[in-house]
Every structure is written in C-alpha cells, then in structure tokens.
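Colleague: Below is one structure. I have some questions about it.
Quick note: the coordinates plus some simple rules give every number you see, no bench work behind them. Keep in mind that this is a model prediction, so the values were computed, not measured. Neighbour counts run over all protein chains shown; Cβ positions are idealised from the backbone, glycine included.
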Amino acid sequence: MATRAGTVFFISGTPPMWPAQSMLVRLAVFVVVLGGVCVGMSRAQSSGPVRVTAEATPTDVRVGETVQLTVRVEGAPATVVQTPDPPSTTNLEPQQRTPRMKQIRASRGGRLRQRVVFSWRLRPRQQGAARIRPLTVVVQGETYSTDPIRVRVSPRTGKPDAPTLTRPDGASRDKSLNARDLFIRARATDGQVYQNEQVIVEYSLFYRPGIRLRHSRLAGSWDAPGFWREELNVAARPTPQRRRAHGRAYETVVLKRAALFPTRPGTLQVDPLRIETEAQGTMRLRDRGPSLRGRFEPVQLASEGLSLEARALPSGAPPAFNGAVGRFSMTAGTDTDSTSVGEPVTLTVEVDGTGNLATLAPPSVGAPADMEVYDPTVETNIERNASRIHGTKTFTYTLVPQSGGRYDLPAVTFSYFDPDAGRYRTRRAQPPTLRVTGEAAPRAVGRTGNGLPVGDVAAPMAATEAQWARTDRRPLYRNPWAYLALLAPALVVAAGVAYRRWRSGGAPSPDETAAVEKTPAPNEETNRLQAARRHLGAGDDAAFYNAVARALRAFLAERLGRDGPNDVPRTVLDRDLPRHDVPPDLQGALYDVLDRCDEAQYAPRAGSSAPEDVLANAHAVLRRLDTALPRSAPTPPRP
Amino acid sequence: MRLLAAVLGGFGLIVAAPACGQPSSVAQQFEAANEAYDRGRYDTAVEAYRAVLDAGHESAALYHNLGNAYVRLDRTGPAVWAYERGRRLRPGDPRLQHNLEYVRRRAELPRRGGAAGGLVALVVGWSPLLLFGIGMLAMCAGGLGAAVWDGPRRGGAWQGPAVTGLIGAGVLLVAVALTTSYMQAQERRAVVVDKEAPLRSAPTDTAPADTTLRSGMLVTPGAEREAWTRVRIRGRTGGWIPSGALAEI
C-alpha cells in the first residue's frame, strides 16, 4: 500500500473506513461480547434447579453433647438467599441466634456450581426423642422447605463431663486462653438426696489472675428437669475471691446459686450453665520472657452438667404428711378467743423452716360440725439471701361459728420428713378455746337485727344522707385555720373582760377590786403587798394594816420623787396628785385605803371593812396609780 | 350568757362552714348515679360516682354506693377500696361495715389485714375535727368563765375548779385532735384492685413471686420504685407489686 498525504488508496475491494467509524465498530463488538458473557454467566448461575436440604449430625446424641444442623442451598448464589430463621425444635435448644453461613463456589465440567450452607448448634434438653421441624428458606422469592429430622437423645454418661471453653465460629484461636485458664465449676451440696429434699447447686466462674473479662452474660437457658427450683440471691457486683483448683490459684465469683427439690425419684440431670464473655489473656513468647497481653476475644463457657440421685421417701408416713421435706416448726392461734354467732374468727397457722415452702400444702384444720371453715389464704415469705431456702408460710383460715357455746378447736397437725434424721416428724399446735355467745344463727331470714339484708349488700344511700366534703382537704394538723382558731379562746377572754369593763362604766367596781385578789396582779404590786399578805395570813392585823400603808406610801414616794414613805404627808398628796392628772376617784380610793389603815392600826377590829377588802382595794389602787404615775421620766408637775 | 351563746355560735359556724357550701350539682350528679344503679346500669353508675369524685367531692354515701356498684360488677378489689374509703369518713356506719364483711366473706378474704398497729390503731376511727371542736368549745367556755367570773365572794366554791378544768380539758382535747390528725395521716393502707397481683421479691417482672395477692386484700404500701410499690401484709410478708394493682385508701 502506498499512500500520499490526504489520499487513501484501497488495496482490496473493501471500502475505505474513517477512524471514527472504526472506533464505533470496535465498541459495538465489545458490548456484544460483554453481553454475551453476562448472559452466559447468568444462565450458568441460574441453570439447574435450586435444591435445599437439611442434615443433623449426629442423630443419636447424649445429654450434654451438641447436634450440628446444616442446611444446604444448592444452585443459587448467596445474594439471592435469605438467611433463615432459627429452627423450630422439640427438646433441642439452639445455641446461637444467627446461623453460621458459608458460601461455596466450584466449577465442575465447565459449569459454575454455587452452594450456600447455614449451620446451627443445638443442645438436647433431656433424654428422649427430639425433633427438628421443617425449616423454610426463601430463594429469589420462592420458598423451599426441608424435611423434618428426628434425633434420639440418650442419657448422660456416668462420669461427669468437664467444663468447656469454646469460641464462636470465625473467632481467632488465641493461644493465651484455654479451658484451664477460664472455666465454670458446678457444685451440688449433695449428690444423693431424698425426693423433695433441698439441694443447693452453685456455679462459680474460675479465672486465672491477670485474665480480664468484659461483656459477660448468661447464654441460653438453664434448666433442671425433674426439679422444683428456687433461685437464691447472689451479689450483682461480686468481689472475686482467691481460691485454688488443679494446683493453681484462681479468682472466683459465684454466678448462680439455686435450691433444687427433686419432684420424683431417680437419676435427674441438671443443665450446665453457659455464659458468653470476652476474655483477654496473657502469654509468654519464651520461658521467663515478658508476658504479653492478648486481644479480647469472645468465648463461650459452659460448666459441667450435674447428675443427682433422688431417693424415694421411706414408707410409714404419718396421716398428716403431705410431702414436706426439711425441718419445720408450726404455730397456730386465733385473733380472738371470744366471739358471737355468725362473726368470723381468723385462725392463723404459721409454718416456719427450711424446705420447699412454695409447695407446702395447707395443714388440715378440723373444726366442730357447727362451725364453717373457709379455705385459707396463703402468704409465703421466703428468705433468699441465706445459703439455703428458708422462710415462713402463713395459712389464714376463716372460721364462722353457727351456734353459741364453748369450742375446743382440735389441734392443727403438720407432718414432714426430716432428711437429716431420716424419719418423719409431726408438729402439733393447739388453738385456744373459743367462747361463742349468742344463739344459733337464724336460717332463711331476710334481714339482720339492724335491718340489713342477709347475703347481700345494703341498699344504696340516698342523696340526703350524703355529707359532702372536698377530696383535697388537708389533714387538721396541716390546716392553718386550725392554728388560727387557737386564738379564739383568747379573743373570747378579751371580749369577756371588755364586757365587764363596759358594764362597770370604766371604773373599777367593788366586784372588780374584790376579784383582784384572786386575779394575778402585776409583779410590782404583788411584791409591794407581799409583806401585808404575809401578815394577813398570820392573823396579825395591826402589822397587816401598817404594811399596806407603808407599801402605798413607799410607792407614792418613789413615783413622786420624795425621800421616803414618811415624806408623803396628805398635804403633799393633795398638791402633787392633781398635778399628775390622778383622777379624783382614784385619789379618793387611795385616801380611803390609807384612812382605813390608819384607823385599823389603833383599833384593828373597829373598821367596817374586812382586811381582805382592804388588801384588794390596795391592789386596785396600786394598779391604777402605776398607770397614772409612770416610773420612768415622770411627768413634771405643773407649775 | 348572751355573749357566751354568740361566741359559741360564731365558732360553730366557722367549723361547720366547709360542710355547708356545696354546689347543688354534686347532689344532682349523685342522684343521677343512684338512678343508674337502680336501673341496673352498674357501669354507668360507677362512671357517674367516679365523676363526682373526680370533681373533688366525696362522702361516705358516695363511697358506699360506689362499692355497691362494684359488687354488682363482681369487682371485689375496687368494692373493698370504696367501702374502706367510706369508713374513713364515717367509721361507725353499720351499712359500710356490713357490706365490707359481706364482700370479704364472699371473696373468702381475711377478715383483717394491713390493719394499723401500735398507737395508730388506737386512733383509728377518731374524728380529729370533732375532738378539736369540743376542745375549742371547752377552752372558750373556760376562758369566758374566767373573764366574767365575779370571784369567790359572789360565786360558789366550784367555779374556780370548773373554769380550770374546762380550760385544761380543752387544751388536752385540742392536743389530742392534732396528734390524732397527724397519726391518721401517717397511716397508709391500700387495697389490691387487680384480680391477682404476684408479690415479687424485687421490683421486676422476672423476680420470683412467692405469694399471689388476691383482689381486695389489704396491704401496707411503702417505698415506690418506678412502676412498683413495696408492700407488707400484716407487717410480716413483704414484696413488690405493680403500683397500678394498688389503690390507696
């Protein structure tokens, strides 16, 4: 081919192509080829039927072992297969919520084969038949079901299995942790017990010092088939205790403690306790080398299962025995020892002790023929903080006597089996004698003595009987009005005094002056007249009158600024008292008292007034003078 | 004497005033509820009685009739609650006592339970307002007597001790009334109104239930934690039940 600039020559008969046309052709060819490849791959993927199968291995398993359930979806990629729900099972317990999933691709005979595998681990609950129901898988919107699978569960082997440490699928195998570094130990207080005897099982976590744990939680469920079980409290945030096991030191915490009561004789199995946690161990690369801390890795720990032998109770149980095993005491009493016909009496029987209180049957209570006994109400108070289950069960019976008289209630009897002594024991409690007054309750009478219906509620009350009150009222002690009301007596007294004054026109009446003797006087008056009162009590009238006069004159001398009691003659009083605005009637009353005292000093029994009246009048005069002649800053006499 | 009568009358008016000022609509609502009860529409009656309560008014008659309606609806717990509430207002009413006994016997409930103990039991049924009123009257009468008393010359020898005795008795009664009011306010009782309420050892649904409380049983409520209340039965058995299963008396 020869070319010249700007000219294209054809060697063959093919028409010449411009560069742009060549690119378009190449692109089209590429698209066609790529489409063909994609269609081919798609056909290869969807070619062949989708097949879903399930398989369990092994199908003959012992209690404590695990069964692997595998579901295979063939002929579909993982992108079009929905993750199935956990299998529905009988007597098998899934050990994980989500299945382990694996995708397998293989080319065989030029064809691409794809397979998706889901697997679960299941643990048998108890001996017997187990079943895995059909499992549903959705592939590209279509539903496929597997066949049911039967599994036979054999009893656990005689030797106890050991605690296990397993890692979830896909977890790394950190060599810094093994089952001897971290395990759960299960212990029972006794391996051989009587039926319904209490046995305590305790699960403790053992871990080597230096191992760190986080995000720990119980995994799966724990069961003890054939036992009645009661949980005992363990510390929510326990302090690790140092203990030795297998010749090594461990930190231990109690995970769970439960009281078990065998409900039937025979060999009974207790499930292992399982927890999931994240543990971080330490390891040494060489002897005496530095210890390195590993990573936190998820681990599953399971204790060994327990096998307990329950013996049947011996024969010869007393008639009152109703299955109680343990140690118990009993009391019985009534709320009253006397009542009337038809009035209910409460008989309380209290059983206290160690054993299975929850299943304790009510003791039978015999009663005379003419006394109704209702079924008891039952209260159980169990102490769960101790090392064993113990507590109190209270049976409250309602007795209704139907006729009067004296009732000797029969003793309440309660029997139990004492496993320590290996024999039955019987407790008896004697209720008090009941005295019932009244006659036999009338039968078929429509109304009681109060007019209330027998066997029905009283008729509704009418609106006229309602005395309404507010629901939000405060109690009296929180009501401020109650405390304000306490002022009422003081107001009443004040009103009474005012009334008296108003009635006497403002002046002290003879009644008032007489009352003064009994009325508490101001301290100053009482003090001034104290000597006079003493002389009056002693019957010395002359000294009495002298003391009254001296008290009055001493008061006047003090208030008028005089030198002493002898310095207030009548002339001074006539001059000064009006200057201090002492009312004339008060001045007259003062003179009257002084005159009486002067007279009586010389002729004590000659006066017309009794000494008590003179004393009362002196009180009244002093009280009024105290107001008229102030003590401090005395009013200067008018010029 | 006229003064004394006026003072005592005024005090009586003060004491009785709260009981007098009731709106007539309450009585009308109560009548309507009674009418529904008489016609056998017990649900409607309960709603109507409850409406009166919700409006802030109560009476022993209201609680009595509400309890009756609950009995007809076979709701033992609320019936016991209503009768017990009524007994707080009118402790000696024989109809409330009769109905309460009837309900308890029919439901085979214990005759007593959750009852107050100690000093509180001593003042159960006492009316602090009545004691307070009597005490105030005695103090007022004694004080008035002391104010208007004419002394030993005009009066008899009995007047002094009588006045002192009246005032002393009044002070004592007022003190007893306030103490009674305080003690009664401290007493807390409640009724199980749900059909059954498991008594759990901890305030959670998963805690073991040692005892199941029946509807209508009396308990003593204690501490509350979220939606749970700690209760005691007869001061012995204790545990937690949902707060919604209780109605305080």
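Colleague: In Å³ and rounded to a whole number, note down the convex hull volume per residue for the Cα atoms of region A:375-429.
Modeller: Numbers: hull volume 6.0 nm³, N = 55.
For region A:375-429, the hull spanned by Cα atoms encloses 109 Å³ per residue.
Colleague: Set the Förster distance to 35 Å, then compute FRET efficiency between A:D408 and A:A462 from the Cβ-Cβ distance, nearest 0.05. Kindly include the intermediate steps, with their values, before the conclusion.
Modeller: Working: r = 47 Å, r/R0 = 1.35.
It comes out at approximately 0.15.
Colleague: Report the Rg/Rh value for region A:283-410, based on alpha-carbon coordinates and the Kirkwood definition of Rh. Intermediate values should be presented prior to the final figure.
Modeller: Numbers: Rg = 27.0 Å, Rh = 19.7 Å.
Rg/Rh for region A:283-410 comes to 1.37.
Colleague: Taking amide H positions as placed 1.01 Å from N in the peptide plane, with prolines and chain starts having none, which residues 5 or more places from A:D190, or on another chain, fall under 5 Å of its amide H?
Modeller: A:I200
Colleague: Within a Cβ distance under 11 Å of A:V548, other residues only, what is the Lys/Arg minus Asp/Glu net charge? Don't skip to the end; give the middle numbers.
Modeller: Values: positive: A:R528, A:R533, A:R550, A:R553, A:R596; negative: A:D541, A:D598.
Residues near A:V548 contribute +3 overall.
Colleague: Of A:K102, A:K393, A:K256, how do they rank once you tally other Cβ atoms within 10 Å and put the fewest first? Working shown, then result.
Modeller: Working: A:K102 14, A:K393 28, A:K256 19.
Neighbour counts put them in this order, fewest first: A:K102, A:K256, A:K393.
Colleague: Hey, got the Cα dimensions of region A:190-246 along the principal axes, in Å, largest first?
Modeller: Extents along the principal axes, in whole Å: 43, 26, 19.
Colleague: Could you line up B:T211, A:T277 from fewest to most neighbouring Cβ atoms inside 10 Å?
Modeller: Working: B:T211 25, A:T277 19.
Least crowded to most crowded, the residues run A:T277, B:T211.
Colleague: Any idea what the relative contact order of region B:21-106 is, in percent, if you count C-alpha pairs under 8 Å spaced at least 6 apart?
Modeller: Details: 86 pairs, mean separation 18.9, N = 86.
Relative contact order for region B:21-106 comes out at 22 percent.
Colleague: Here's another thing I want to ask about it. Once you place label points 7 Å from the Cα toward the Cβ at A:A236 and A:Q430, how far apart are they in nm?
Modeller: 5.0
Colleague: Calculate I(q)/I(0) for region A:539-580 by the Debye formula, one identical point scatterer on each C-alpha and no solvent, and give its log10 at q = 0.15, 0.24, 0.31 Å⁻¹ to two decimals.
Modeller: Rounded to two decimals, the profile gives -0.38, -0.76, -1.03.
Colleague: Could I ask something else about it? Would you list which aspartates and glutamates come within 12 Å of A:K393, measuring only between C-alpha atoms, while excluding same-chain residues fewer than 8 positions from it?
Modeller: Hits, sequence-local ones excluded: A:E350, A:D352, A:E379, A:E383, B:D210.
Colleague: Report the net charge of residues surrounding A:E251, where surrounding means a beta-carbon distance below 10 angstrom and charges are Lys +1, Arg +1, Asp -1, Glu -1. List each step's numbers first, then the result.
Modeller: Numbers: positive: A:R208, A:R242, A:R243; negative: none.
Surrounding charge for A:E251 is +3.
Colleague: At what distance in nm do the modelled label points of A:D540 and A:R473 sit from each other, each positioned 7 Å from its Cα along Cα→Cβ?
Modeller: Using points 7 Å along Cα→Cβ, the separation is 6.4 nm.
Colleague: Round to a whole angstrom and tell me the spacing of the C-alpha centers of region A:222-263 and region B:21-67.
Modeller: When both Cα centres are located, 58 Å separates them.
Colleague: Can you give the alpha-carbon Rg of region A:164-311 over 2.2 N^0.38 Å, where N counts its residues? Write out the running numbers ahead of the final one.
Modeller: On the way: Rg = 17.2 Å, N = 148, 2.2 N^0.38 = 14.7 Å.
After normalising by residue count via 2.2 N^0.38 Å, the value is 1.17.
Colleague: Rounded, prolate or oblate: which one fits region B:21-106, using the alpha carbon gyration tensor with axes a ≥ b ≥ c (rounded when a/c is under 1.5, else prolate when a/b beats b/c, else oblate)?
Modeller: The shape class here is oblate.
Colleague: Here is a follow-up. Averaging sequence separations of C-alpha pairs under 8 Å and six or more residues apart, then dividing by the length of region B:190-248, give the relative contact order as a whole percent. Walk me through the intermediate numbers first.
Modeller: Details: 131 pairs, mean separation 22.9, N = 59.
Dividing the mean separation by the residue count of region B:190-248 yields 39 percent.
Colleague: So what's the gap between the Cα centers of region A:78-122 and region A:451-499, to the nearest angstrom?
Modeller: One Cα centre to the other: 79 Å.
Colleague: Determine how many Å³ per residue the convex hull of the Cα atoms of region A:224-326 encloses. Write out the running numbers ahead of the final one.
Modeller: Numbers: hull volume 17.4 nm³, N = 103.
Here the figure is 169 Å³ per residue.
Colleague: Then there is this: Mind checking which aspartates and glutamates have their Cα closer than 15 Å to the Cα of B:K195? Skip sequence neighbours fewer than 8 apart in that chain.
Modeller: Within reach: B:D74, B:E108.
Colleague: On to the next question. Using the alpha carbon gyration tensor of region A:51-154, what are the three equivalent-ellipsoid semi-axes (square root of 5 times each eigenvalue), largest first, in whole Å?
Modeller: Details: eigenvalues 153, 36, 25 Å².
Over the Cα atoms of region A:51-154, the semi-axes work out to 28, 13, 11 Å.
Colleague: Turning to a different aspect of this structure: Cα atoms only: what Rg and Dmax, in Å, come out for region B:122-186?
Modeller: Just the Cα atoms of region B:122-186 yield Rg and Dmax of 14.7, 51 Å.
Colleague: Report the percentage of all Cα-Cα pairs in region B:190-248 whose separation exceeds 17 Å, rounded to a whole percent. Spell out each step's value before the answer.
Modeller: Numbers: 367 of 1711 pairs.
For region B:190-248, the fraction of Cα-Cα distances above 17 Å is 21 percent.
Colleague: Ok, one more. P(r) tail for region A:327-375, what percent of Cα pairs lie past 17 Å? Before the final figure, lay out each step's value.
Modeller: Values: 524 of 1176 pairs.
The proportion of pairs with Cα distances above 17 Å equals 45 percent.
Colleague: Sticking with this structure for a sec: So for region A:51-154, averaging the separation of alpha carbon pairs under 8 Å that are six or more residues apart and normalising by length, what relative contact order in percent results?
Modeller: Rounded, it is 36 percent for region A:51-154.
Colleague: Continuing with this model, one more query. For A:T437 and A:R579, calculate 0.36 nm times their separation in residues minus their Cα-Cα distance, and state this gained length in nm to one decimal. Kindly include the intermediate steps, with their values, before the conclusion.
Modeller: On the way: separation 142, 0.36 × 142 = 51.12 nm, distance 8.80 nm.
The A:T437-A:R579 span can extend by a further 42.3 nm.
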